Amino acid sequence: HCSIDIFISSGINAEYGGITQVAAQTGHKVCLVDLDSNILEQSTARINKSLSRVAKKKFGEGADGAKEFVESTMGAISTATSAAEVIGETDLVIEAIVENLSVKHRLFKELDSIAPQNVIFASNTSSLGIGEIAEVTTRKDRFGGLHFFNPVPVMKLLEVIKTDDTSAETLASLLAFGKAMGKVTVECSDTPGFIVNRLLVPMMSEAVKMLERGVASAKDIDTAMKLGAGHPMGPFQLADYVGLDTTLFIMNGWHEKFPEVEMFTPPEGLRKLVEEGKLGAKSGEGFYKY
């Protein structure tokens, strides 16, 4: 049985609130930590709104059940502006801050110095190496990756990442935690992009290169992959949904690390759109107009 009862997620991105919500919904006590109390307020308001939607689906018109569900779930979530206040009673720390190695290093170095020995550290990074992030800590055996997918309340998958140093016990705890959250877990070693992004990002890149070569239109490539390969979204629609800046950021990181791997070379067309501020659905235009 997974004994992880309280965990902290620090920082802000789309996944941050989703992880918190699902953990609280599955009976975990969660503390959200961010230096900025405004961000904490916005996050809890968003979670509350999302839970109300879940409750409506779950209970239909049963107002009492819905109200109790939202209240009890929100009751499992607390917030703090300093990790030091709460880390003493935590089993697991999940980091979901900006994808920048030196910023993550700063955070984990500080947490490592104040966290009790038994606390497991995990990162929700999608583009950086777990081993690289863990380097600055003295608990490399109690460090792993928990890569959730957006939107977290809907997407069933959780990639659980082990480094060469992650202990079998830590891995078992992370897998048990994922299952306790109602996720389907897959185990993966610490490699660029883990499983999903390692296959998806080069596919998006190749799709852009096909477009540049005049092989087919973006719309036709998307239709072909949806109907021919059973993908719910074609590569261009997916890139627009993820954000072209995010996609390019991941590719640039891999390309810098492995310049000899042609598959990791970002396509010109993607760079150009990002330079023009066309970032996908969030900016109103990417490969498609929204």
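In the condition set (1) within 20 Å of the chain's Cα centre (by Cα); (2) within 19 Å of Val33 (Cα to Cα); (3) of a type in the set (Ser, Thr, Tyr), Ser50 is compliant with all but (2). Considering only the range 266-290, state which residues are in contact (Cβ under 8 Å) with a residue 12 or more places away in the chain and under 16 Å from Ala207 (Cα atoms). The answer is Pro266, Pro267, Glu268, Gly269, Leu270, Arg271, Leu273, Gly280, Gly286, Phe287, Tyr288.
If you go through the range 94-118 and pick out every residue that is more than 28 Å from Pro151 (Cβ to Cβ) and not acidic (Asp, Glu), you end up with 10. Is at least one residue of the range 100-110 in contact with a strand residue (DSSP E or B) (Cβ under 6 Å, 6 or more places away or on another chain), in contact (Cβ under 8 Å) with a residue 12 or more places away in the chain, buried (at least 17 other Cβ atoms within 10 Å of the Cβ) and of a type in the set (Lys, Arg)? Taking every residue of the range 100-110 in turn, none turns out to be in contact with a strand residue (DSSP E or B) (Cβ under 6 Å, 6 or more places away or on another chain), in contact (Cβ under 8 Å) with a residue 12 or more places away in the chain, buried (at least 17 other Cβ atoms within 10 Å of the Cβ) and of a type in the set (Lys, Arg).
If you filter the range 167-193 down to residues that are part of a helix (DSSP H, G or I), of a type in the set (A, V, I, L, M) and in contact (Cβ under 8 Å) with a residue 40 or more places away in the chain, you find that the one that is surrounded by the most Cβ atoms within 10 Å (Cβ to Cβ) is Leu174. The residues on offer are Ile195, Ile250, and the sole one that is touching a Cys at 6+ places or on another chain (Cβ under 8 Å) and β-branched (Val, Ile, Thr) is Ile195. For residues that are charged (D, E, K, R) and open to solvent by 60 Å² or more (accessible area, probe 1.4 Å), scanning just the range 196-244, find the one that is farthest from the chain's Cα centre (by Cα). It comes out as Arg213.
Looking across the range 151-162, the residues that are free of Cβ contacts under 8 Å to residues at least 60 places away in the same chain and either of a type in the set (A, V, I, L, M, F, W, C) or open to solvent by 50 Å² or more (accessible area, probe 1.4 Å) (or both) come down to Val154, Met155, Lys156, Leu157, Leu158, Val160, Ile161, Lys162.
Just one of the listed residues (Gly243, Gly230) is on the phi > 0 side of the Ramachandran plot and in contact with a strand residue (DSSP E or B) (Cβ under 7 Å, 6 or more places away or on another chain), and it is Gly243.
For the range 130-150, the set of residues classified as in a loop (DSSP other than H, G, I, E, B), modelled with pLDDT of 95 or more and open to solvent by 10 Å² or more (accessible area, probe 1.4 Å) consists of Glu135, Val136, Thr138, listed by residue number. The test for being under 19 Å from Ile94 (Cβ atoms), modelled with pLDDT of 90 or more, in a helix (DSSP H, G or I) and open to solvent by 60 Å² or more (accessible area, probe 1.4 Å) holds for Arg46.
Quick one: count up the residues across the range 44-67 that are without any contact (Cβ under 8 Å) to a residue 12 or more places away in the chain and either among the small types (Gly, Ala, Ser) or out of contact with any Phe, Trp or Tyr (no Cβ under 9 Å at 6 or more places or on another chain) (or both). Full working, then the answer.
First pass over the range 44-67, keeping only residues without any contact (Cβ under 8 Å) to a residue 12 or more places away in the chain: 45, 49, 53, 56-65.
Filter again for either among the small types (Gly, Ala, Ser) or out of contact with any Phe, Trp or Tyr (no Cβ under 9 Å at 6 or more places or on another chain) (or both), leaving 45, 49, 53, 56-57, 60-65.
So the count comes out to 11.
Between residues in the range 16-43 that are open to solvent by 40 Å² or more (accessible area, probe 1.4 Å) and residues that are of a type outside the set (A, V, I, L, M, F, W, C) and in a strand (DSSP E or B), which pairs lie under 9 Å by C-beta distance while being six or more apart or on different chains? Once the first residue is open to solvent by 40 Å² or more (accessible area, probe 1.4 Å) and sits in the range 16-43, its partners that are of a type outside the set (A, V, I, L, M, F, W, C) and in a strand (DSSP E or B) give Lys29/Ser78; Leu35/Ser10; Ser37/Thr79; Glu41/Thr79.
Would you pick out the residues in the range 194-204 that are in contact (Cβ under 8 Å) with a residue 12 or more places away in the chain and not hydrophobic (A, V, I, L, M, F, W, C)? Result: Asn197, Pro202.
The values are calculated or read from the model by the stated rules, or taken from the named source; none is laboratory data. In this text, all values refer to a predicted model and were calculated from it rather than measured experimentally. Methodologically, a virtual Cβ is constructed for each residue, glycine included, from the backbone with ideal geometry; neighbour enumeration extends over all protein chains shown. SASA here: full protein model, heavy atoms, side chains in, ligands and nucleic acids out. Shrake-Rupley method; radii C 1.70, N 1.55, O 1.52, S 1.80 Å.
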